[in-house]
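**Student:** Dumping the structure here so I can ask a few things about it.
Read the figures in this text as sums done on the coordinates, not as results from a lab. Just so it is clear, the model here is predicted, and its values are computed rather than measured. Glycine gets a Cβ as well: all are built from the backbone with ideal geometry, and neighbour counts include every protein chain shown.
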Amino acid sequence: MGTSFELVLAGEACDRRKLVAAGEAALEVIRDVEARWSLFLPDSRLALLNRTGHARAIALDADDCELFEVAASVHEASAGAFDPNVARAMDAAGHFAQRGLTPILGHQKGPASATWRFDVHAKTISFSGPGPALDLGGIAKGHALDLAARELQECGVTSALLHGGTSSVVAFGAPPDQEAWLVRCGEVEVPLNGIAIATSRADSQSAEFGTHILNPGSSVKSVGCRNAATVLAPSAALADAWATALCVRPDLSHRAANVLVRQGVTVLSLHEPLHNV
Amino acid sequence: MSSSPLLPRRAILQGAGVLGAFGLAPTMAFEAPFWSPPGNTKVAVIGCGPWGRNIASELHGLEGSEVVAVADPVASRLRSAVRKAPTAKGFRSLTEALADSVEIQAVVVATPSHLHAAIVLEALAAKLPVYCEAPMATTLEDLIAIRAAAHSAGVPFTCGLHGRSNPLYAHARDFLRSGAIADFVGFRGQHHEKTSWFSPAVESKDEAELNWRLDPELSLGLAGEFGVHQFDVFHWYTGQYPIAVRGAGSIQLHKDGRKVHDTVHLDIEFPSSRFLHYDATIANSFQKRFEMFHGTAGAIKMAQQAGWLFKEADAPTIGFEVYAGRQQFHDEEGITLVADATKLAAQERIKNGVSLQEPPLRYSLKSFLMTVQEGAETHCDVDEGARASYVAISAAKAVRTGERIELDPKQFRKAD
């Protein structure tokens, strides 16, 4: 995921030992998601998928299935505006090399029509043929936050705010003497309790490479450098996926309005990124 | 799952066969497949702490295995384990799982270390192949009982000492034993990991169960829990076992009333007056975990997913150096060790940096499944597991007492 995570846990001073241990457990969960779904670790599950997904399906556990259920649903509802199958295009555009990263893409190149398939019944992920290479970047970050928040609650923590790279935030409970955790989005302070917020911003990295958010499809290209989207959703993975889709295609905010309502997603802004937690 | 492009599954076992020439390799092999189930091996994972869940998750994703049961007395851990292995049914114990109608064909033991013996003996009594995490036990009596039961059970037994199944470690061992660093001078090892070792319990009744590592009556502490995996690497690489161990421990960070040290230092004496200087701490994470072998022509550093050779100025040039990647460590240059370097060089991949294609745990579990399915030789048999565990028990005693503990050579002898 290549980003930093921060956890703020609230509780009584006498609970400090338990809070620290719960935080350690949550960070371990985040490390585990990184180990499974990093595009840059040769022994990750994603590296295995990118290398061999055209030849065999990869078995998923219940947590993995949650991740790919979100990815598949937003991919479909956004008509492909959200599509993790952009790793080759990202690599070709120089975004990884610019950051000194070597993605694990596999060596198989194939037809452009080849894509990824999540089988919800068999609980597997595979490719329809050689060629695809997934980059789960933002959605994996959100997924890590969701699992970490769940771990904290299972450890008995009742109030916490977690963020990944400040662009994805999930919170539950409230800090001491306040009604909710607050996140600033533009001029607005958004209260968070049991909900996540994510922002996607196509800030131009350089004139050479264009923005780091690509518009998937037959002719992959960078989205405009002024595009930004911030959304609230029941999970950070869902928020991240929709923020990306809306950054690519802002018109989805009304074209996919029914789906957004059904999934509990609120579009906060199509211009203002998150600023301060 | 695919085999590693670096070293296919078969190659791992062939490598183990070569090691037999040094008289240290695992000895348990079955002339014919112990048992060849038509489909996946149905595995029970006993113990659902973080490591047990990790094992359940790996086995769930492995071709040739099906996790049919997970067992733990703590309900929250059991729920988490079932999420990691959705094909599994949850139980409170192995006893409960064996009494159920679910078919179990192999048992993986990942409970707290002091509970291993009873579960291993129960599984072996049921004639089930066993994979037992290390240390195998926390007392010499339990080790002897496990060793005897494993030898008489006639089913595969693997100790989860992962260095021996790690293809990079196997490659580096071959390299080292071919004289790459010439004569040994001494050894160093460390495990640094900043963590509290405390597990919060949702229900207070579970707190003692979850925090067994902080109970000095039950736990071997850092010397045992961390050290055992690394002591075995030194045994395996050098072909020698320690003569004596001295130790010291302290609490540097976690001053919360605990009795188990958060920092330990060991001096482990090997034959020919060579020493392993080992330290482990949960108060600092710098450089994490590694094993170092100092020789008269250079040094080799192994760090699970990666390994390096540091040459002395007067050391001869080695063939693969021309292909090899290099990394700078302050004023030392490390030559990256890569399994199957020549083949990778031909593919022009080596200079880009090649690391293990799978996590070390997956290699270990794959190797175990092959002992069950194909009668393959285990990467770490009960004797080697017991030897490393005996050193861990002795090291823990040295830390606890502050005394020099002499090791009994009988514990390192091969079984008749």
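**Student:** Can you give the Rg/Rh ratio of segment B:104-213, where Rg is from the C-alpha atoms and Rh is the Kirkwood radius?
**Tutor:** Over the Cα atoms of segment B:104-213, Rg/Rh equals 1.08.
**Student:** Something else now. I'd like to know which of B:Thr296, B:Gly249, B:Thr238 lies farthest towards the positive end of the charge dipole of segment B:223-335, counting +1 on Cβ of Lys and Arg and -1 on Cβ of Asp and Glu.
**Tutor:** B:Gly249
**Student:** Once phi is turned into θ = phi - 60°, what whole-Hz ³J(HN,Hα) does the Karplus curve with 6.51, -1.76 and 1.60 give for every residue of segment B:161-178, x standing for Gly and Pro?
**Tutor:** Working through the residues one at a time gives 9, 7, x, 5, 9, 7, x, 5, 5, 5, 4, 5, 5, 4, 4, 5, 6, 7 Hz.
**Student:** Quick one: helix A:62-77 against the long Cα principal axis of chain A, what's the angle to the nearest 10°, folded into 0 to 90?
**Tutor:** 60
**Student:** Pull up all non-local amide H partners of A:Ile195: gap of 5 or more, or a different chain, and H-to-H distance under 5 Å with H placed in the peptide plane.
**Tutor:** It is A:Ala171, by chain and number.
**Student:** For A:Ala133, list long-range residues whose amide hydrogen, built 1.01 Å from N in the peptide plane, is under 5 Å from its own amide hydrogen.
**Tutor:** When sequence neighbours closer than 5 places are left aside, the close amide H contacts are A:Ala87, A:Arg88.
**Student:** Taking every eigenvalue of the Cα gyration tensor of segment A:54-190, multiplying by 5 and rooting it, what semi-axes result, largest first, whole Å?
**Tutor:** 33, 19, 14
**Student:** Between A:Ala93, A:Val190, A:Ala72, whose Cα lies farthest towards the positive end of the dipole of chain A when Lys and Arg beta carbons carry +1 and Asp and Glu beta carbons carry -1, centred on the Cα centre?
**Tutor:** Result: A:Ala93.
**Student:** While we're looking at this one, here's another question. With a 10 Å Cβ neighbour count serving as the proxy for reagent exposure, in which order, fewest first, do A:Trp37, B:Trp51, A:Trp242, B:Trp197 appear?
**Tutor:** B:Trp51, B:Trp197, A:Trp37, A:Trp242
**Student:** Give the span of chain A's Cα atoms along each principal axis, as three whole-Å numbers ordered largest to smallest.
**Tutor:** Extents along the principal axes: 58, 37, 37 Å.
**Student:** By count of other Cβ within 10 Å, fewest leading, how are B:Phe157, B:Phe275 ordered?
**Tutor:** Result, fewest neighbours first: B:Phe275, B:Phe157.
**Student:** Whole number please: convex hull volume per residue of the Cα set in segment A:4-45, in Å³?
**Tutor:** So the per-residue hull volume is 61 Å³.
**Student:** Can you pull the Kirkwood radius for segment A:1-100, inverse mean 1/r over Cα pairs, to one decimal in Å?
**Tutor:** So the Kirkwood estimate lands at 16.4 Å.
**Student:** Rounded if a/c is under 1.5, else prolate if a/b is larger than b/c, else oblate: which is segment B:120-180, with a ≥ b ≥ c the root eigenvalues of its Cα gyration tensor?
**Tutor:** Prolate, because a/c is 1.5 or more and a/b exceeds b/c.
**Student:** I've got another one for you. If one takes the longest principal axis of the Cα atoms in chain A, at what angle in degrees, from 0 to 90 and to the nearest 10, does the Cα axis of helix A:137-154 lie?
**Tutor:** So the helix axis and the longest Cα principal axis differ by about 30 degrees.
**Student:** Suppose we look only past 35 Å in the calculated P(r) of chain B. What percent of the Cα-Cα pairs does that tail hold?
**Tutor:** The answer is 26 percent, as a whole percent.
**Student:** Quick one: Cα centre-to-centre distance for segment B:209-269 and segment B:42-59, in angstrom?
**Tutor:** Centre-to-centre distance over Cα atoms comes out at 24 Å.
**Student:** Starting from the eigenvalues of the Cα gyration tensor, five times each then square-rooted, give me the equivalent ellipsoid semi-axes of the protein assembly as shown, largest first, whole Å.
**Tutor:** Taking √(5λ) for each Cα gyration eigenvalue gives 43, 29, 26 Å.
**Student:** Using a cut-off of 18 Å between alpha-carbon atoms, which aspartates and glutamates can reach B:Lys205, once sequence neighbours fewer than 8 places away in the same chain are excluded?
**Tutor:** Output for B:Lys205: A:Asp15, A:Glu154, B:Asp72, B:Asp215.
**Student:** Using the Karplus curve 6.51 cos²θ - 1.76 cosθ + 1.60 with θ = phi - 60°, work out ³J(HN,Hα) for each residue of segment B:114-124 in order, rounded to whole Hz, and write x for Gly and Pro.
**Tutor:** 3J(HN,Hα) across segment B:114-124, in whole Hz: 5, 9, 4, 4, 4, 6, 4, 5, 5, 5, 5.
**Student:** Using a 10 angstrom cutoff on alpha carbons, build the Gaussian network for chain A and name the most mobile of A:Asn193, A:Asn227, A:Asn258.
**Tutor:** A:Asn258
**Student:** What lysines sit close enough to A:Lys109 to cross-link, taking a C-alpha to C-alpha distance under 24 Å and skipping anything fewer than 8 places away on the same chain?
**Tutor:** A:Lys221, B:Lys343, B:Lys351
**Student:** Say the cut-off is 29 Å between C-alpha atoms; which of B:Lys89/B:Lys366; B:Lys288/B:Lys366; B:Lys194/B:Lys259; A:Lys123/B:Lys89; B:Lys288/B:Lys414; B:Lys89/B:Lys194 go over it?
**Tutor:** B:Lys288/B:Lys414; B:Lys89/B:Lys194
**Student:** I need B:Glu377, A:Glu6 ordered by Cβ neighbour count within 10 Å, fewest first.
**Tutor:** Final ranking by Cβ density, sparse to dense: A:Glu6, B:Glu377.
**Student:** Would you compute the Debye intensity of segment A:123-208 from its alpha-carbon atoms alone, equal scatterers and no solvent, and pass along log10 I(q)/I(0) at q = 0.24, 0.26 Å⁻¹ to two decimals?
**Tutor:** Each listed q corresponds, in turn, to -1.19, -1.30.
**Student:** Next question, about the same structure. Taking θ = phi - 60°, what integer Hz values does the Karplus form 6.51 cos²θ - 1.76 cosθ + 1.60 yield along segment B:220-235, in sequence order, with x for Gly and Pro?
**Tutor:** 8, x, 5, 4, x, 6, 8, x, 3, 5, 7, 4, 4, 4, 5, 4
**Student:** Taking H as built 1.01 Å from N, whose amide H comes closer than 5 Å to the amide H of B:Lys89, not counting residues under 5 places away?
**Tutor:** B:Ala69, B:Val70
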